[in-house]
Amino acid sequence: MKQKKFLIAAIGLSLIAPSIFAQTFVAGGLQYTIDGDNAVVKANSKADESITIPDSVEYSDGETQKKYAVKGIAASGFLGCTKLKDIVLPKTLTNIGRAAFWNCKSLEEIDIPESVTAINPAVFTACRSIKRISAGKNLKYIEPGSFMQCTSLDNIEIPDENPYFKAEGGTVYTKDGETLLAHAGSAESFAIPQGVKTIANSAFWYCENLKAVTLPTSLTTIEQDAFNGSGLSTVSIPQSVETIGDMAFAYCKSLDTVKVWWTNPPTIALTTFQNNAKTLITPAGTTGTYKKTMGWNMFQNITEPTGIESIKAASKTLNILPQKGMIELESLSFQGKIRIFSATGESMQVITLKRGSKTVCSLSAGIYIIDADGISAMKAAVK
């Protein structure tokens, strides 16, 4: 009885199959699939160097001929089209599928039509030659990893009329500037502007060119995978950061030194610095705490500052005026903790400075390092 029911079901399926399964056909060297009144396009890995996708295509089922608007690019639609250099997308397009242009390593630029509202995950992953991507005012969503390994992408264009995002060079922010959503490009160093509070999931994922990043004192959250696989060699995480996500700095093969400023380390996952936990520099007197704290104790070497580690000009945010027996500190735009170290790395004073305020620190004659919350530092001589 069961076999008869199965046979009847199979026959029934075979009878209705032509109306269930979408029709697929080739036109102009591209493959299209009918989806209702629309068409979805894809190509094979032998696609030409230059492609123009039409706004519509015609298809006949043998009885009637009908025109279909090209509304979508299939997931992985142009994946591995390594010869593709130039593509013109149709004005009718509304959806670009996941990984649509993955490893189109010769693609140089692309204009995304106004009708597209989302850039899906991994759409442009490993497009290493792409230098410019232009999106429209109606773009609402940029998914994690959209520009991963776009190592030449120094120009992302989003019009001012877009209410959700803004772009500067190869970096995309939320309109209010508080979240850095995505970064790509050829630069080896990048300073995240003050005002950014969150580095989003996968924002710097596999930014292999990036060797150094400056994190602002406004930063509170570094989400999962934020710098996963990047080329960072060292990073200083300001005390303002409250949350660091899983795998945030994982697989950064060149990451040798991480400098932190918390006396009480925040909770992190065992995998936050996975596969690259080498040297961790902590505030004076805190190495014991870090060695006992899960995640932080994965570092091979946990130590405190010794000597002058790095000197960076702080003059744009802070005036440092050495005088006889003292140093006067005047904030221009800086707000946070100022730490004063001797030339041998001994912690001398810690001061909290508000934006626009001044303070005086009494010190004996000598050379001192003035550290502005781990963001910048300079050397000062007291007579």
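Computed quantities for the displayed model
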read-out: Pair list, Cβ under 7 Å, 6 or more apart: region 37-54 residue assigned to a strand (DSSP E or B), other residue hydroxyl-bearing (Ser, Thr, Tyr); value: Asn38/Tyr68; Ala39/Tyr32; Ala39/Thr33; Ala39/Tyr68; Val40/Tyr32; Val40/Thr33; Val41/Tyr32
read-out: Filter pass, Glu157 being assigned by TED's automatic domain parsing to the domain that holds Pro90, out of contact with any Gly (no Cβ under 9 Å at 6 or more places or on another chain) and at pLDDT below 95; value: no
read-out: Restricting region 357-371 to residues that are in contact with a Leu (Cβ under 8 Å, 6 or more places away or on another chain) and not hydrophobic (A, V, I, L, M, F, W, C), the residue that is modelled with the highest pLDDT; value: Thr359
read-out: Region 175-199 residues that are in contact (Cβ under 8 Å) with a residue 40 or more places away in the chain, paired with ones that are of a type in the set (Gly, Ala, Ser) and surrounded by 14 or more Cβ atoms within 10 Å (Cβ to Cβ) (beta carbon under 6 Å, 6 or more apart); value: Ala182/Ala203; Gln194/Ser218
read-out: Among residues of region 274-303, those that are aliphatic (A, V, I, L, M) and either touching a residue at least 40 places away in the same chain (Cβ under 8 Å) or touching a His at 6+ places or on another chain (Cβ under 6 Å) (or both), counted; value: 1
read-out: Boolean, Ile130 is modelled with pLDDT of 95 or more and either over 25 Å from His183 (Cβ atoms) or outside any loop (DSSP other than H, G, I, E, B) (or both); value: no
read-out: Test result for Thr117, within 20 Å of Ala200 (Cα to Cα), of a type outside the set (Asp, Glu) and surrounded by fewer than 18 Cβ atoms within 10 Å (Cβ to Cβ); value: yes
read-out: Scope region 319-352; condition among the hydroxyl-bearing types (Ser, Thr, Tyr) and either more than 21 Å from Pro283 (Cβ to Cβ) or part of a strand (DSSP E or B) (or both); matching residues; value: Ser331, Ser333, Ser342, Ser347, Thr352
read-out: Flag if Pro159 is surrounded by 15 or more Cβ atoms within 10 Å (Cβ to Cβ), in contact (Cβ under 8 Å) with a residue 60 or more places away in the chain and either in a loop (DSSP other than H, G, I, E, B) or of a type outside the set (Val, Ile, Thr) (or both); value: no
read-out: Lys259 being among the basic types (Lys, Arg) and either in a strand (DSSP E or B) or assigned by TED's automatic domain parsing to the domain that holds Arg339 (or both); value: yes
read-out: Test for Val213: is it within 18 Å of Lys197 (Cβ to Cβ), assigned to a strand (DSSP E or B) and among the aliphatic types (A, V, I, L, M); value: yes
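The values are calculated or read from the model by the stated rules, or taken from the named source; none is laboratory data. Every value quoted in this text rests on a predicted model; they were computed, and no experiment measured them. Using ideal geometry, Cβ is built from the backbone for each residue, glycine included, and neighbour counts are taken over all protein chains shown.
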